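First the structure, in the form of structure tokens, and then the observations on it.
The values are calculated or read from the model by the stated rules, or taken from the named source; none is laboratory data. All figures in this text were calculated on a predicted structure; none of them were measured in a lab. Reconstructed Cβ throughout: ideal geometry from the backbone, glycine too, with neighbour counts over all protein chains shown.
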Amino acid sequence: MMDKSLQVVLVHILIHIGLIFFIFPTNIIDTTTAAHWIPILLGFLFHWILISLYTKGLSLFESQNLLDIYIQFSKPVAVIFLLPLFIYTFMVTSVTIRAYAETISLVFLSDTPLWAIMLLTLLISGYITSLGVQALFRTGMLMALIFFPLIAFVLCMSFQNVDWHYIFPLWNRHFSFLTNPDYLESSFAFFGGFMYLGFIQPKVLFKRKKIIWGSLLLLPFFLMAVYIPLLTFGEETASQYHFPFIVAVDTIDITWLMFDRITMFFLLCTVTFVMLFTALTAWINVEILRRCIPKSIRTSYIVIGLSLLTFIMGINIPDWRDVELLFGLNAWMRLYVYLTIPSSIFILGWISRRKEAAAA
Amino acid sequence: MMSRRLLLKLAMLACCTLTLSGCWDNRDINHRSLPVVMGISREDSKYKVFLDIPQTSDDGTRSMLVTRTGQTITEVVDEISSNMETRVDLLHLKVIIFERKYAEEGLIDSISSFMRSREISAKAMVAICDEDLGTFFSKLQKNSSSDQTVLYNFFEKNAGWSPSVAVTRTWEIFRSIHSYTRDIAIPLIKSGKSTVIENVGAAIIREGRMVGQITADETLLMNAFDEESAHGKIEVMNHASVLIVSNSMKHHVALKDGDPYMRSQINLKVSVLETRGEPSVDMIKDELETLLTQRFNKMFKNIQRHEADILGVGQYFRTRIPRNKLAHWRTEYLPRLKIDLDVKTTIQNEGNLKTVRDASIK
């Protein structure tokens, strides 16, 4: 079988870019008043350690699925770990779809009702899900080819209004951000999106080393998402915005470009990445569900059912405050899921290795 | 069987193109009015809004001036919209002009609502009008029937902008309202006698309120301090006039016994344009240096008196002063700031004619 590491690394970067540039900057800016690089680096370190641990654990099972691994130990083990994951993933898809629909309507489709935007995004992401995971990763490849140059252009131009003096003070003695609920919420971008790594094998094979080093490429994006608004506006002003990065991009003025607002390009690119993200998380849920229900039910029906449920949940969130509340709730689920699954996989892998060694 | 499914798929695909327009309640461009300039004044706690809307007709574009008063700016725009046959869309608003009286009362509410709005661009330029807005707009209309983007071009870097005009955008004013160490100057204009617009100077804004003003010459120095290019500006002195070719700044900051101290060096490269009598190169240099230093010191005293840091000097002290004290930069540190400006000029060339090199030769 072919090694698809490149595809996996690209999709990994794309879905994280989709998550980083919206709610993450305001979360980090709200956590502390100075030296924002400390929470960013700490969060990123967590992201990196968890990925290493998770992929290490997975590699001990030689391209087996997370589902296979848990079921091979016992059914209750599978339920303990996978039920929270299922609930978490379902919530994350609904809230993400809702939050991004709100962002889209805030920035450019102000007359379009939310349900129409949500329906469109869900239709596309549902379609990608139904095609299966290989198609999803190939789509990611295509998206990277088309949209990366645009994203790179916007990111380079976003340094236009930067005032480097705002970078100071560089140090902050108070680590109070650790207890700030906003910091927990920011984990959405740090480790909201790599659970799929446990499900794609053996359909999409990847090399552990490449994923781990590839994920390091995300660090500049994390830093830029927070520091560009900070350096453009200063901390005192940047903390006033819901979407600081989007406003910072809005201030870019390029006289030789025929387009007035390059925010549009940036937003459309990142929204497609978010569609990829929701398609991937929905796919995880479809995989879990397929094990629980009779084989006779076709996958496409599961996809349609799940998308419908997501849609219903999405339109039942009335305002932005509720979105934020759900994000907060979600953060606790995430903490549980993302701490238990990688560590349990690592420990189970270690146990099974010991057993094999004892048997031999 | 196969072909029927294919047909169905093709039909579905064709339906997808319907969503490509991506629009909801779409209004075509001929049903929209896109004002370029908006003027705002305040009378008896009510807003008076002026909209300058370009209209195309058979004999070229003409601009139409619409005025209305109301409780909020959005209400006024909405009312204008409902009274017109087209919908007013502020998407392409380029310049926002406040009347001086309103600017002195405080712009915080208006600027915040512009930032909140999804229609008005954060890049829209802001100016303050030194006379009654009604007369300003009527004169503007009379003098500029052929081209209604005069105001916009006046501020545009690659059109009519000159270095003695301040350029300020909405988001910069919003930043200055909240920032600890950065205030802003807004260009001050009025209708001119022979030209459409006359540059008066710049208004000193402190926390969203106009507190004072600086002259056009001082605005040039401010732009040079911010390292905006002061390129092409002509300085006239007693014995000569020179063209500033390039400028750069160097700053050195320190805290001396808790008092902020700053030493700045401004490097100017100039070329001689005109002379009166027979001044030597050194004389021109000396004259230019004393002129600029004096002018700068006068402006800086003015700034300190108003406690408004339009030069952004406080930015350089972000490393020296802890954050909680930085919040009081304007009131506690800025008035005590000592600044030494050193103007270094290099006369790059003297044009086509030779000028006396040294005074002793003469």
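Here are the numbers for this structure:
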{"quantity": "Identity of the residue in segment A:231-286, within 11 Å of chain B (Cβ to nearest Cβ) and of a type in the set (Gly, Ala, Ser), that ends up nearest to A:Gln7 (Cα to Cα)", "calculated": "A:Ala248"}
{"quantity": "Unique match (being within 13 Å of chain A (Cβ to nearest Cβ), touching a residue at least 24 places away in the same chain (Cβ under 8 Å), charged (D, E, K, R) and surrounded by fewer than 20 Cβ atoms within 10 Å (Cβ to Cβ)) among B:Lys46, B:Lys123, B:Lys101", "calculated": "B:Lys123"}
{"quantity": "Check on A:Ala144, within 20 Å of A:Ile200 (Cβ to Cβ) and either of a type outside the set (Lys, Arg) or part of a helix (DSSP H, G or I) (or both)", "calculated": "yes"}
{"quantity": "Sole residue being away from chain B (no Cβ under 14 Å) and modelled with pLDDT under 90, chosen from A:Gly140, A:Gly132", "calculated": "A:Gly132"}
{"quantity": "Residues that are more than 14 Å from every other protein chain (Cβ to nearest Cβ) and without any contact (Cβ under 8 Å) to a residue 40 or more places away in the chain, drawn from segment B:301-323", "calculated": "B:Lys301, B:Gln304"}
{"quantity": "Selection count, segment B:172-196, where residues are part of a loop (DSSP other than H, G, I, E, B) and buried (at least 24 other Cβ atoms within 10 Å of the Cβ)", "calculated": "4"}
{"quantity": "Residues being assigned to a strand (DSSP E or B) and touching a Phe, Trp or Tyr at 6+ places or on another chain (Cβ under 7 Å) - total across segment B:316-349", "calculated": "3"}
{"quantity": "Test set (1) β-branched (Val, Ile, Thr); (2) touching a residue at least 40 places away in the same chain (Cβ under 8 Å); (3) farther than 28 Å from A:Leu10 by Cα - A:Ile80 fails condition number", "calculated": "(2)"}
{"quantity": "In segment A:232-244, the residues that are closer than 18 Å to A:Leu170 by Cα and within 25 Å of the chain's Cα centre (by Cα)", "calculated": "A:Ala238, A:Ser239"}
{"quantity": "From B:Gly258, B:Gly314, residue being at pLDDT below 90, on the phi > 0 side of the Ramachandran plot and assigned by TED's automatic domain parsing to the domain that holds B:Thr355", "calculated": "B:Gly258"}
